[in-house]
Amino acid sequence: MKEVINTKDAPTPIGPYSQAIKTGKFLFVSGQIAINSSTGNLALDNVHEETIQVMRNIGAILKAAGMDYPNIVKTTIYLTNMNNFSAVNEVYGSFFKDAFPARETVQVSRLPKDVNIEISVIAVQE
């Protein structure tokens, strides 16, 4: 059985998908980009701010599912420029205290709305 997770505190999906799907103890969060849910605007000033907005969007979805960042067990980070790897790591790492999730980071040629970063996560309810 699956439950659709949607919150007004994260961006409305820009296509035919849900913000997240919860099944059993698992939460599968769709790729998030730097859309500010309050304004609908993209936060593209720099990759640092963009990553913060992406992680905040993920946090809002986790909260709607009764979880938080420590529940994340796997992330996938998509970058349009691998030269942003260090800046993204700095911000990403600040959202975790320890026991970092498993992860891969890949460079792609283009992302929705021409953003620089997209992150999807899998979380587990303890």
### Sorted by Cβ density within 10 Å, fewest first, the residues I33, I117, I21
I21, I33, I117
### Task
Could you list R56, R103, R110 in order of exposure, starting from the residue whose Cβ has the fewest other Cβ atoms within 10 Å?
R110, R103, R56
### Summary
Going from the fewest other Cβ atoms within 10 Å to the most, one would list D68, D98 as D98, D68
### Query
Per residue, what volume in Å³ does the convex hull of the Cα atoms of region 32-76 enclose?
73
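Excluding A34 itself, calculate the net charge of residues whose Cβ lies under 13 Å from the Cβ of A34, where each Lys or Arg counts +1 and each Asp or Glu counts -1. Mind showing how you got there, number by number?
Values: positive: R56, K113; negative: D45, E49, E50, D114, E118.
Around A34, the surrounding residues sum to -3.
Below 13 angstrom from the Cβ of R56, what's the summed charge of the other residues (Lys, Arg +1; Asp, Glu -1)? Don't skip to the answer; put the middle values down first.
Working: positive: K63; negative: D9, E49, E50, D68.
Around R56, the charge tally is -3.
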### Query
Computed on alpha carbon atoms, what radius of gyration and Dmax characterise the chain, expressed in Å?
13.6, 41
### Message
With a cut-off of 8 Å between alpha carbons and a minimum separation of six or more residues, what is the relative contact order of region 2-124 in percent?
### Response
31
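Taken together, the values in this text are just the output of simple stated rules run on the coordinates, not laboratory data. Source: prediction; values computed, not measured. Don't worry about glycine lacking a Cβ; one is built from the backbone with ideal geometry, like all the others, and counts go over all protein chains shown.
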